[in-house]
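Working notes, structure below.
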Amino acid sequence: MDYEKLSATTLGDNVHIVVRSGCDSFGKFMSIALISERTDHFRDFSVWPRQQDFNVEGWIQNFAGSELLVAKKLLASFTYFNKPMTAALMRHSVQKFLSSAWGNHAFPKPPTSADINSVCFVKCEGEDPRATDSGNLFARKLRDELRVPDNNIMAPAEALRKAAHFRHYVFVDDFVGSGNQFIDTLKRTHSAATPYESFESLLFGDKHTVSYCPCVATSYAQFTRISSIFPKVALYPAHVLIEEHNATLPNSRVWHGMSADDATRAIELLRSISKRAGYGEDDGGQDAWHGFHGLGLTLGFEHGIPDASLPVFFSERNGWRPLMRRAS
C-alpha cells in the first residue's frame with residue numbers, strides 16, 4: 001500500500017465527505033445535523049476518536065452563523081492521523097531509509113543482522129528535553145511496531161558517546177513543520193559526549209551518515225530549513241505537505257471551489273476568528289493566527305496537534321472550545 005496516498009487521499013476523502021455537498025461555493029451551508037451524522041460515522045469506524053479527544057460538536061459552536069462556511073471548510077480539510085495510520089507512516093518512512101541504505105555500496109544485499117546493528121535510531125529532543133517529547137513516543141513505536149532492539153534506540157548524548165559502534169544515525173519523529181527542533185537537536189552540544197560533542201560536529205567527518213525519518217514533513221522544513229543548513233542530512237518523510245496545504249493562502253486546497261476573491265475574504269474572516277480565539281499576531285510565533293512559522297496547517301495526530309496547525313483548532317483561550325487539545 002502507498003502510505004503517501006493513504007494519508008493524503010483516503011483519510012482526506014473521508015473527511016471531505018463531512019461538508020463537500022454543501023460547500024461548493026461561498027455562502028452555501030450544510031446543516032449541523034448532517035455534520036453530526038458524519039461525525040458519528042467516523043467515530044463508529046474509529047477514523048476519529050472519542051468526542052472528548054476530538055470535539056467537533058463543541059468546536060462548531062465557537063462560530064457565528066456568518067462564519068460557519070469557514071468552519072466547515074476548515075473541518076473538511078482537517079487531516080487526522082489515528083494510531084494505526086501514524087504507525088503505518090512511521091514504517092513507511094523508516095523503510096524508505098533502509099531501502100536507500102541497502103541500495104548503497106555500504107550495505108550488501110540482502111541485509112544481515114550485522115547491518116542493522118550499525119544503525120542507531122535517535123530520539124529528537126525539544127529545547128528542554130522532557131519525557132513527553134514526541135521523540136520518546138516514537139522510540140517506543142520503533143521497539144513495539146518495528147521490533148528495533150532497545151540497544152539501537154538512544155538519546156542524542158548516548159548515541160554520540162557510542163559513535164564507534166554505529167555507522168548510520170536515524171532520527172525519527174511524527175511531524176516536522178519548521179525544522180527547529182531537529183536543527184536544535186543537531187546543534188546541541190553534550191559535554192560528556194566523545195569523540196563528538198554534537199551531531200553537527202559529527203557531520204563534518206565522513207565516518208557516519210545522519211538521516212531524518214518523520215511521518216509528515218513540510219516542504220518548508222525539508223528544503224528551506226534543514227537541507228540548506230545541513231545538506232549532508234538525508235530526509236525520508238512518508239508524506240510531504242506543500243504550500244497548497246497552507247490554509248492562509250488563497251490557492252490553498254482548503255478553499256477549493258472558491259474564486260480567488262472569495263478565498264481571500266474567507267481568509268480575512270479566519271484571521272478575525274483567530275483573534276477572537278486569542279491568536280492575533282502576524283509574526284509566525286507562538287501567538288500567530290496562522291500557526292507557527294505561518295504554516296497554516298490543518299493537521300492532527302492521535303497523540304496531539306502540531307503548533308504549525310491553525311490555532312483555531314487547539315486554542316483554549318477566551319473560552320474557545322478546541323477541536324483537539326495540545327499536548328501539555
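Of all residues in region 212-234, which are crowded, with 23+ Cβ neighbours inside 10 Å and either over 20 Å from D307 (Cβ atoms) or in contact (Cβ under 8 Å) with a residue 60 or more places away in the chain (or both)? C213, P214, C215, V216, T218 - these are the residues of region 212-234 that are crowded, with 23+ Cβ neighbours inside 10 Å and either over 20 Å from D307 (Cβ atoms) or in contact (Cβ under 8 Å) with a residue 60 or more places away in the chain (or both).
Go through the residues of region 267-279 one by one and say whether even a single one is touching a helix residue (DSSP H, G or I) at 6+ places or on another chain (Cβ under 6 Å), of a type outside the set (D, E), buried (at least 20 other Cβ atoms within 10 Å of the Cβ) and not in a helix (DSSP H, G or I). The answer is yes; a qualifying residue exists.
The helices (runs of 4 or more DSSP H) located wholly in region 108-224 that include 3 or more residues which are modelled with pLDDT of 90 or more occupy 156-161, 180-187, 199-202.
If we scan region 291-300, do we find a residue that is hydrophobic (A, V, I, L, M, F, W, C), touching a His at 6+ places or on another chain (Cβ under 7 Å) and within 27 Å of C215 (Cα to Cα)? Yes - at least one qualifying residue is present in region 291-300. Note on region 295-328: residues that are touching a Ser or Thr at 6+ places or on another chain (Cβ under 7 Å), of a type in the set (S, T, N, Q) and touching a residue at least 60 places away in the same chain (Cβ under 8 Å) total 1. Quick check: is even one residue across region 185-196 under 13 Å from the mean Cα position of the chain (by Cα), hydroxyl-bearing (S, T, Y) and in the same structural domain as F121 (by TED's automatic domain parsing)? No: region 185-196 contains no residue that is under 13 Å from the mean Cα position of the chain (by Cα), hydroxyl-bearing (S, T, Y) and in the same structural domain as F121 (by TED's automatic domain parsing). A residue that is modelled with pLDDT under 65 and either crowded, with 18+ Cβ neighbours inside 10 Å or among the small types (G, A, S) (or both) cannot be found anywhere in region 92-100.
Every test in (1) within 18 Å of A76 (Cβ to Cβ); (2) under 19 Å from the mean Cα position of the chain (by Cα); (3) surrounded by 16 or more Cβ atoms within 10 Å (Cβ to Cβ) is passed by D262 save one, and that test is (2).
Candidates in region 237-250 are the residues that are in a loop (DSSP other than H, G, I, E, B) and out of contact with any His (no Cβ under 9 Å at 6 or more places or on another chain); of these, the one that is farthest from L75 (Cα to Cα) is P237.
The values are calculated or read from the model by the stated rules, or taken from the named source; none is laboratory data. Bear in mind that the values here come from a model prediction, so they are computed numbers and not experimental data. Quick reminder, even Gly has a Cβ in these numbers, built from the backbone with ideal geometry, and neighbours come from all protein chains shown.
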